[in-house]
1. Counting pairs of Cα atoms in the chain, how many percent are more than 30 Å apart?
2. If the only charges are +1 at each Lys and Arg Cβ and -1 at each Asp and Glu Cβ, what is the size of the charge dipole of the chain around the Cα centre, to the nearest 20 debye?
3. With respect to the cross-link table entries K60/K109; K89/K124; K120/K145; K50/K109, which display a Cα-Cα separation exceeding 24 Å?
4. As a check on your grasp of the helix formula, calculate [θ] at 222 nm for the chain: sum -39500 (n - 2.57) over DSSP H runs of n ≥ 4, divide by the residue count, round to the nearest 500.
5. With springs only between Cα atoms under 10 Å apart, run a GNM on the chain and tell me which of D142, D12, D133 wobbles the most.
6. Which whole-number percentage describes the relative contact order of the chain, with Cα contacts under 8 Å and a sequence gap of 6 or more?
7. Taking +1 at the Cβ of each Lys and Arg and -1 at the Cβ of each Asp and Glu, which of S157, V15, C62 sits farthest along the dipole of the chain towards its positive end, judged by Cα position relative to the Cα centre?
8. How much length is gained on full extension from L119 to K145, taking 0.36 nm per residue of separation minus their Cα-Cα distance?
Amino acid sequence: MKRQVFYSFHFDNDVMRVQQIRHIGVIEGNEPVSPNNWEEIRRIGKNAVKKWIDDNMRYKSCVVVLVGFETANREWVDYEIRKAWNEGKGLFGIYIHNLKDPRTGTCRKGANPFDNVLLKNGQKLSSLVPCYDPNSRDAYNDIAKNLENWVDFAIKSRGRF
């Protein structure tokens, strides 16, 4: 049985890299919203974006944050991380800077978005949630080989927290 996951990422910068991960096919992720629909949702306002995220994350057991160069500073990625953690979902990140975008190639490695979330005890969420950095020479195959195990580990490890 394929796990149901929600992918969190910076749409404008990383959608082409994210599509590569979706096509790996070992897990079922939320269907991507088209650029036109995403712009329409954003134009309606923050409540529409929040509703779209809430609706699409509802029955997912894990949130995978796909980390590009600017992902850590995105308002909605931060919302998705906090929501996943507060709802007890599996959670982890994958740096995707070494996946090639057909338009722009690779990019620089971004900051860890879990560093931005402080727990009640002052500890950074990054101390509990892994952010994997695939092999730079073959990032796609490294992700393909490990994705299912990373998802399973994230879901199982939530029971400890």
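1. Numbers: 1262 of 12880 pairs.
Result for the distance tail: 10 percent.
2. Numbers: 26 positive and 20 negative charges, 74 e Å.
Charge dipole, the chain, about its Cα centre: 360 debye, nearest 20.
3. Values: K60/K109 27 Å; K89/K124 17 Å; K120/K145 35 Å; K50/K109 27 Å.
Distance filter (> 24 Å) returns K60/K109; K120/K145; K50/K109.
4. Values: 5 runs with 65 residues, N = 161.
Estimated from H runs of four or more residues: -13000 deg cm²/dmol.
5. Looking only at D142, D12, D133, the largest GNM fluctuation is found for D12.
6. Working: 239 pairs, mean separation 40.7, N = 161.
Relative contact order comes out at 25 percent.
7. So the residue furthest toward the plus end is S157.
8. Values: separation 26, 0.36 × 26 = 9.36 nm, distance 3.14 nm.
Once the chain is fully extended between L119 and K145, it gains 6.2 nm.
The values are calculated or read from the model by the stated rules, or taken from the named source; none is laboratory data. None of the values given here were measured: they were computed from a predicted structure. Counting neighbours? That spans all protein chains shown, and the Cβs are built from the backbone with ideal geometry, glycine included. Heads up: the accessible areas ignore ligands, DNA and RNA and are worked out on the full protein's heavy atoms, side chains in. Shrake-Rupley method; radii C 1.70, N 1.55, O 1.52, S 1.80 Å.
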